[in-house]
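Worksheet: the structure to be examined is printed underneath.
Just so it is clear, none of the values below were taken in a lab; they were calculated from the coordinates. Since the structure is predicted, the reported quantities are computational estimates derived from the model, not experimental observations. FYI the Cβ positions are ideal-geometry reconstructions off the backbone, even for glycines, and counts take in every protein chain you see.
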Amino acid sequence: MKKQFINSIKTGDVVDDIFVLSEKNLAQKKDGNNFLNISLSDKTGVIKGVVWDNVDRITTKISAGDFVRVKGTASEYRGSLQLVIKNIEAGSPDSIDPSDYLSESKFNRDAMFERLLKLTESIETLYLKNLLEAFWNDDEFVSKFKRAPAAKKMHHAYIGGLIEHTLSMTRLADKIAEHYQYIGIDRDFLITSAILHDIGKTREFDYKVKIDYSDEGRLLNHIVIGVQMIEEKLKNIKNFPDEQALLIKHMIVSHHGTRDFGSPEPPKTIEAVLLNYIDEIDSKVNGIREFIAKEDPNETWTSFHRLLDRYFYMGKNKEVTD
């Protein structure tokens with residue numbers, strides 16, 4: 001049974017427990033001898049580690065993705081916590097509880113799925129409803145969709161993150177479509193696209209014991225995979241309009257907004273522009289919320305968020321509860 005979690009490790013702690021080996025990189029010291037830089041993870045986070053001794057023997061016996069038993073001491077290096085590891089060896093997966101190593105959405109995944117089904121029922125355009133039902137009737141897809149993360153690190157990076165992100169976006173899409181109905185926003189089309197925009201992530205990531213990219217994900221990415229998945233389902237849907245098939249694939253390829261952020265094409269319809277901003281809102285809010293949740297609640301400001309290039313204000317005179 002796991003006793004030490006990464007978020008509780010402090011400078012000077014002696015560590016002896018099982019973690020997931022997320023990364024392993026061999027490097028050389030100035031004298032030419034090898035050392036090992038590693039990353040370890042559990043459901044509470046990631047910590048860097050360094051192995052100085054017996055490196056050649058150790059590196060052949062462990063691989064990224066393995067459960068490993070680690071013995072070492074926590075110290076501070078360049079302002080960050082790291083483990084100086086005395087011994088590391090493969091751990092037996094038989095006595096391991098996978099829930100110790102992957103964090104999960106705080107929301108019930110089955111309940112979130114039921115809400116998506118109700119939103120699907122509200123769609124009046126038959127061919128769009130048929131497309132969604134083609135996915136919902138695919139048991140293998142649904143199983144992966146309920147479990148998949150929405151990212152490796154940035155937002156909704158936990159089991160159930162994809163369905164949480166998808167439901168949140170779809171609810172936003174529903175409200176925004178109602179607000180802009182006076183300009184003719186296609187509500188059914190926007191909701192369908194919100195549900196399907198990230199389906200490729202069910203195959204982009206490997207999320208058995210850690211969240212990382214699959215081979216398919218690294219070679220293609222979720223946008224390409226998502227378009228392929230749409231095309232596979234469209235083959236079995238009669239009378240799906242060619243123009244609408246093209247436009248829904250455009251929603252997939254443009255939802256990141258710009259080529260710099262990974263979209264092959266920028267949004268070129270009003271619905272595509274809306275989908276991009278809905279995705280931006282939901283991913284940013286979740287990412288910032290998760291960042292703040294890991295900060296010291298007694299502080300007024302967070303630490304510096306490097307990617308967003310700012311501190312976040314958490315407020316003063318917060319109530320303290322037992």
Legend entry - Over the stretch 102-290: Kirkwood hydrodynamic radius from C-alpha pairwise inverse distances, Å: 16.5 Å
Inset, instruction - Tell me which label goes with the value of mean projected area of the Cα convex hull in nm² computed from the coordinates here: (1) 15.3; (2) 18.2; (3) 20.6. - result: (3)
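Under the 0.36 nm per residue contour assumption, what length would be gained going from the current alpha-carbon distance of residue 7 and residue 218 to full extension? Don't jump to the answer; show the numbers that get you there.
On the way: separation 211, 0.36 × 211 = 75.96 nm, distance 2.88 nm.
Roughly 73.1 nm would be gained on extension.
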Inset, instruction - Only Cα pairs under 8 Å and at least 6 apart count here; give the relative contact order of the stretch 1-149 as a rounded whole percent. - result: 21 percent
Legend entry - chymotrypsin sites (Phe, Trp or Tyr not before Pro) restricted to the stretch 3-49 and DSSP loop, no more than 16 other C-beta within 10 Å: 5
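Relative contact order, percent, of the chain when contacts are C-alpha pairs under 8 Å separated by at least 6 residues?
Values: 546 pairs, mean separation 36.4, N = 322.
RCO, the chain: 11 percent.
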Inset, instruction - Only bridges with both residues in the chain count here: give the DSSP antiparallel percent, nearest 5. - result: 90 percent
Inset, instruction - Calculate the tail of P(r) for the stretch 1-154: the fraction of all Cα-Cα distances greater than 23 Å, expressed in %. - result: 52 percent
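Over the stretch 102-290, what is the relative contact order in whole percent, taking alpha-carbon pairs under 8 Å and six or more residues apart? Show your work: numbers first, answer last.
On the way: 279 pairs, mean separation 38.6, N = 189.
About 20 percent, as a whole number.
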